[in-house]
Each structure stands twice: as structure tokens, then as C-alpha cells.
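Reading through the C-alpha cells given below for one structure.
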Amino acid sequence: MAISKPYATLSLAAALAAATTGTLLGATPTVEQALQLTPLQDVEYEVPTADEIPKCSIRAEKINGATGWVVYGPAGEKMRQFVDSNGDNKVDMWAYYNNGIEVYRDLDTDFNSKADQYRWLATGGSRWGFDNNEDGVIDRWEIISPEEVSAEIVAAIRDKDVKRFQALLLTDAEAKELGLGKEKAAELLGSLNAAANDFNKWAGAQTAVKKGTKWVHFGATRPGIVPAGADGATMDLLVYENVAAVVETAGEHSQIDIGTLVKLGNSWKVIAAPRTAALAENASQGFFFQASFAARRPDMEGAPGRPAVNAEMQKLLDELEGLDEKQAMATTAAARQDLTKKRVALMEELAAASGEGESRDNWVRQMADVISAGVQTGEYPDGMTKLIALSKATAKAEPGSAVASYVEFRRMSADYTSQLQDPNANFTKVQDGWLESLEGFVKAYPKSDDAAEAMLQLAIANEFAGEEDKAKAWYAQIHDDFPGTPIARKADGSLRRLNSVGKTIQVAGKTLGGKQVNLAALKGRVVLVHFWATWCEPCKQDQLVLRQLQAKYGRKGFELIGVSLDSDKSELTKYMAQARLTWPQIYEDGGLDSPLATDLGVLTLPTMFLVGADGKVISRNIHVSQLDSELGKLLK
């Protein structure tokens, strides 16, 4: 195994591209040449030893209709995949594997032979970064989890890299998308404006994170909802308060206080510079929930549901803390697996020692999280047996409870992921089994926190499979069972979209320049409404065709309305200046969670509605390739 060096060269891509043609003819690159390519960002991927390289092979293949080269390891497992996705004889996707599973991609989405996006996949993580100027440095995160945010911040502190920190920081424009009340919004903007300067000062003076420091652990309580209406907020906001990162330097452990994280779209954002734990102790306890923490008194320990920490529990807690240090220094898979088992055993004892109530349930939840993660990462290969037993025991002790549903959903997710990781998996069978388990979960725990998510997954899966009646039933059930929630609003919009043919729809908003656009005002003309975003490459390819169709049919009564679902307004502004689109583009903060997307349940991009001259929807999912023929009929 090896860790890649960031900003490694892609020069060999030219050699691979030159050897790749649309018919997969030409000089085959050698395994040695292909293995010289390394990812541009940090990721753990498989590198064969010198003895294994002669047993590896490379061959040209068709990959989802595109051409490419695939490197196979000694046991026949995939190790690399280099693809020319657009047929221009240049590699534009570089994929890297670990244990036969794809964990990372470098992507060249504008096809200029320079990577501009980086994606971590499967056991490699969930990050998706955008590199606007193609210099190997991530400028914006489209997707990043809280755990990955904390690790990125540690790396930024280690390298004293303020730009790396700023890529994780909520922007002023994004802050406006949160829908906070006036006072809270002003307080947040003050924090954001000071963050970069505070980071530079603190990172230069701190001693906890040094050149050899490693991120070890993400620490936080459960995330919480800041509900719409609180302090003037206009929408629900999901936040983590009091987030910390445990780091290790030469066997010594320290804690970095990261503070508050907020969820925006599919990514999590920081709102202030990090601090050392000592400074954090004197700071307010949380940006959004500080009143609740401030009101908490030391004598609250021992209250119902919050038992005092006795000597037995303290001993267990000390042992658990000791495992964190050992986990950081574990160098073999066997050692990490052993430590994970010990961690679960200690949590089991802590749950038993906590008595009944919320304290015990919290330990059970943490135990389920650790086992589920261990199953999916390989650090607890026997964990499914334990997780199944925990789920059964919790369901028996507290049937129908919140903690029982929590454990069961983690068991299902771990089982699903582990099945997908099997190289011999029958993916159709696995997917069918997953949907069946989701239905069973909803039946068993219809009002649980995870039931809405399970229903949404079922609805989306049925819709994409063409089972629209089933999809509608699930969307309707979300509406009935979880009224007023963000998921329910998305479900309502999805129903509106699925039922839109033959009906009028409302699409209205302002362009970046402030011009009001309203679909209703274009009655009498055939209109295409194109939902898109700058990060969606197929959407931008659609626009090239739409420009041609506008020129061909514009004088005959054809109109276009674009609806941008970008999260980053600055990215849209930059793209619009370059693309010079000739039809209006509506924009509203929120991305895929904006009211524009939610009102019509837009789940994927591109999504296009074709609206007739009578103002009614003709097609709610037309493809760009069908438009010329359809417009020819409508605009004779």
C-alpha cells in the first residue's frame, strides 16, 4: 500500500492518450508506464511491489461506452483505470483502486488535459473537490463529511495553509443561504470575516500541530437542528456544535477545537478559525446552542437520565481514551481490528454501567456507529455478527424505540455496503435486497428519524426504475408521516413533478442581474425549462445543443429558461461571463435544496420540462436528443 504525493505529474497521461483510439487500437502502454501515474490529492491506494509488477497486466477495454486502459493486479483485481470519456483520444479520468475497490478519481471535465475535479469514493471517503484554476489545489468542496472537514483542517494547520482552510469556510454568500435571523446572521458574518486572519495568527503561534502531526479522531455530540422560526430563521439548519479533532505527534496526543459546523447542500462548513482545547474551554459553548450549554450546572450530574460518573465508569472511560492513543499508533490491519473489538467491548460495558435512559442509549448508538463503520472499512471484519446481535437485543429490550431503530438502520447500511464490496456481488440482487430491507424498516419503525430517509430512498429507486406509481406512494407517505420537514417538502415537489404532464407549473425568479423571469408570462410560446448547474458537465453539453435549437426555432415561437442550482454564486457568475448564454438564467440560493429545486422535486441534473404554448407541461423528463424532433412537430 502507498500514500500518494499531492500535485503529482499527469505527464504520462499524454502517452496513454496517444495509445488510445476510439476503436481501442494503437500501441499498448506498459504496466510500468501506467503505474507511474499517481493521484493529485492524498489518498490511500494499492501499489504493487516490485515482485508483483510482472504479474500485473494492462488491456484496452470499453468502459460505459468509452475507451480506456485498465490495469489488473496479480490476482486479477482492478488497480487502475484510465478513460477517454468523450472520444477525443485524451485521457480525462484517472481512477485508482484499493483491494479491488475504486477509491479515488482525478477528472478533467473541460477536456483540456488538466484535472479540475477530485473525487474520493467507497472506502476512500466521500469528498468531491473542485479545482477552478487547475493548479492542483482544491478551491471548493461540493461534498465533504464532518469527519473529513476535521481532517482537512488539521492538514491546513500543519501546513499553515490558509487557502486550504478557506476552502472549508462558509462564504458570505453561502451564509445568506442559511436563512438566519438578522441578529444571528450579523454575528455569523462577523465570525466569517475574522476567520482567515484568526487562522493565520493562531496557526503560526500554536504548537499542537507540527510537520509530522497526524489526524486521529473526529469528536462531537450528535448533530442538532436549528428549527425554522428560532431567532428569526426561515428554514431548518443542521449543525454540529463543539466539534474537536484529536491529533497525534510522535506518540503525544492533543485536541484541536474546531467549533461549529453547518450543513449546506452536500457539504459541511466551518464558521470560525480553530483553537487549542485550552482556549476553547474559555469560549462560549457553541454558536447556536450556547444558551443551553451555559445553563448547564455541575450538579446536573446524577439527575434522571444523566447518572454520575462512578469509579467503575471512570475506569472504563480512561481505558477507552487509552485506546484512542493505541489506535493512532497501530500500523497493521490486525492491530486495528483488535483495538476496534476492544473499543466495542468497553462501550458495551459503559452502556451497562449507565443504567437506563438516554445515557445508556447514547452508548448503544455510539457502539452501533463504531461496529457499522468497522464493517465497512474492514477494521471489524466479524462485526456483522455483533451488529446483528446488538440490533436484536436492543429491539427486544426496547421494542419500537428510537435507539432500536437507530441500531437497525446502521446494521442494514453496513450489510448493504459490505455486500457491494464483494467483487463477486450480484448487484441487481444486492439492490433488490436493500430495497426490501428498507421497506421492512419503514414497516417496523414508521415514525423513526431514519424512516423518512428510508422512504425517500425507496421513492427515488422506484422512480428511476420506472415504477412511478410506487414512487408516488412513497412520496405521499413521506408527506403524511413527516409533514413540514425538509424531506417532506422535497417529496411534495417530486409528486408535483411526476404529476405535471398536462398541467401548468410555476417557475419564477430573478436572474443574477435582478431581472424577473416568469414562465407564466411566456404563454403562447413553446418553452423549455432547463435545470442545471456549473458542476454538472452533461448540463453544459446540453447548453451547446440548446444554443443551436434557439437559433433554429427562436423565431418560430421557442423560448428557453435556465434554472441554475449552483450552491456557489461566484462560480455561476464566473461561468456566465464566459459562456454568454443568450437566454435568461434564474438563480436562488440553496443549490439542490433551494426552493426552485424543492418546489418541483428536482433530484438529478439535468432535468428539463417542455411546456406547450397553452402553458401546460408536454414532457417533464425530455432528453436534449429528443428536442429537435419534438420542436419540429410543435412549431410547424
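The values are calculated or read from the model by the stated rules, or taken from the named source; none is laboratory data. Source: prediction; values computed, not measured. Positions of Cβ are backbone-derived with ideal geometry, glycine not excepted, and every protein chain shown enters the neighbour counts.
Criterion first (within 18 Å of LYS510 (Cβ to Cβ) and among the small types (Gly, Ala, Ser)) does GLY557 satisfy it? It would help to see each step written out before you state the result.
Numbers: within 18 Å of LYS510 (Cβ to Cβ): no; among the small types (Gly, Ala, Ser): yes.
Against the criterion (within 18 Å of LYS510 (Cβ to Cβ) and among the small types (Gly, Ala, Ser)), GLY557 does not qualify.
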For the range 148-176 the number of residues that are assigned to a helix (DSSP H, G or I) and over 18 Å from the mean Cα position of the chain (by Cα) is 14
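ALA397 - would you say it is small (Gly, Ala, Ser) and without any contact (Cβ under 8 Å) to a residue 24 or more places away in the chain?
Answer is yes for this residue.
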* To do: Looking only at the range 84-101, decide whether some residue is in contact with a Cys (Cβ under 9 Å, 6 or more places away or on another chain) and either under 24 Å from SER126 (Cα atoms) or not aromatic (Phe, Trp, Tyr) (or both).
  => no
If we keep only residues of the range 547-599 that are in contact with an Asp or Glu (Cβ under 6 Å, 6 or more places away or on another chain) and aliphatic (A, V, I, L, M), then the residue surrounded by the fewest Cβ atoms within 10 Å (Cβ to Cβ) is LEU572
Counting only residues in the range 179-211 that are aliphatic (A, V, I, L, M) and within 17 Å of ASP257 (Cβ to Cβ), the one surrounded by the fewest Cβ atoms within 10 Å (Cβ to Cβ) is identified as ALA205
query: Somewhere in the range 51-59, is a residue under 29 Å from ASP161 (Cβ atoms), out of contact with any helix residue (DSSP H, G or I) (no Cβ under 9 Å at 6 or more places or on another chain), in a loop (DSSP other than H, G, I, E, B) and at pLDDT 90 or above?
result: no
Just one listed residue, out of VAL407, VAL375, is assigned by TED's automatic domain parsing to the domain that holds TRP474 and at pLDDT 90 or above, and it is VAL407
Within the range 590-615, residues being part of a loop (DSSP other than H, G, I, E, B) and of a type in the set (Asp, Glu) number 2
Here the residues within the range 124-136 that are touching a residue at least 40 places away in the same chain (Cβ under 8 Å) and surrounded by fewer than 19 Cβ atoms within 10 Å (Cβ to Cβ) are ASN132, GLY136
Within the range 570-589, the residues that are over 16 Å from ARG140 (Cβ atoms) and in a loop (DSSP other than H, G, I, E, B) are ARG580, LEU581, THR582, TRP583, PRO584, GLU588
Within the range 397-426, residues farther than 20 Å from GLY378 by Cα and not small (Gly, Ala, Ser) come out as GLU398, PRO399, VAL403, TYR406, ASN426
LEU192 meets each of (1) in contact (Cβ under 8 Å) with a residue 40 or more places away in the chain; (2) within 21 Å of the chain's Cα centre (by Cα) with one exception, condition (2)
For GLY493, the lone unmet condition from (1) part of a helix (DSSP H, G or I); (2) over 30 Å from TYR475 (Cα atoms) is (2)
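Tell me which residues, restricted to the range 116-138, are touching a Phe, Trp or Tyr at 6+ places or on another chain (Cβ under 6 Å) and either of a type outside the set (Gly, Ala, Ser) or assigned to a strand (DSSP E or B) (or both).
GLN117, ARG119, TRP120, ARG127, GLY129, listed by residue number.
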When every residue in the range 162-178 that is of a type in the set (A, V, I, L, M) and under 19 Å from LYS263 (Cα atoms) is compared, the one surrounded by the fewest Cβ atoms within 10 Å (Cβ to Cβ) is ALA173
Looking at ASP110, is it part of a loop (DSSP other than H, G, I, E, B), in contact with a helix residue (DSSP H, G or I) (Cβ under 9 Å, 6 or more places away or on another chain) and surrounded by fewer than 17 Cβ atoms within 10 Å (Cβ to Cβ)? yes
Would you confirm, using the coordinates I've provided, whether TRP215 is assigned to a helix (DSSP H, G or I), surrounded by 15 or more Cβ atoms within 10 Å (Cβ to Cβ) and assigned by TED's automatic domain parsing to the domain that holds ILE258?
no
Quick count over the range 440-453, residues being modelled with pLDDT of 90 or more and loosely packed, with under 14 Cβ neighbours inside 10 Å, is 2
If we keep only residues of the range 504-529 that are among the polar types (S, T, N, Q) and in a strand (DSSP E or B), then the residue surrounded by the most Cβ atoms within 10 Å (Cβ to Cβ) is THR511
Query raised in the report: Can you spot a residue in the range 70-78 that is assigned to a loop (DSSP other than H, G, I, E, B), farther than 21 Å from GLY125 by Cβ, of a type in the set (Ser, Thr, Tyr) and in the same structural domain as ILE53 (by TED's automatic domain parsing)?
Result: no
By residue number, the members of the range 141-161 that are in contact with a helix residue (DSSP H, G or I) (Cβ under 7 Å, 6 or more places away or on another chain) and surrounded by fewer than 19 Cβ atoms within 10 Å (Cβ to Cβ) are ALA155, LYS160
All-but-one check, ALA66 against (1) within 28 Å of THR417 (Cβ to Cβ); (2) modelled with pLDDT of 90 or more, failing number (2)
Every listed condition ((1) closer than 27 Å to ASN132 by Cβ; (2) modelled with pLDDT under 90) holds for VAL602 save (2)
Per the list (1) part of a helix (DSSP H, G or I); (2) under 25 Å from ALA122 (Cα atoms); (3) free of Cβ contacts under 8 Å to residues at least 12 places away in the same chain, residue check on GLN419 breaks on (3)
Q) Any chance the range 530-551 includes a residue that's assigned to a helix (DSSP H, G or I), within 19 Å of ASP593 (Cβ to Cβ) and hydroxyl-bearing (Ser, Thr, Tyr)? A) no
In the set ALA425, ALA459, ALA414, ALA465, the lone residue that is outside the structural domain of LEU178 (by TED's automatic domain parsing), modelled with pLDDT of 90 or more and not acidic (Asp, Glu) is ALA459
Per the list (1) surrounded by fewer than 19 Cβ atoms within 10 Å (Cβ to Cβ); (2) touching a residue at least 12 places away in the same chain (Cβ under 8 Å), residue check on SER629 breaks on (2)
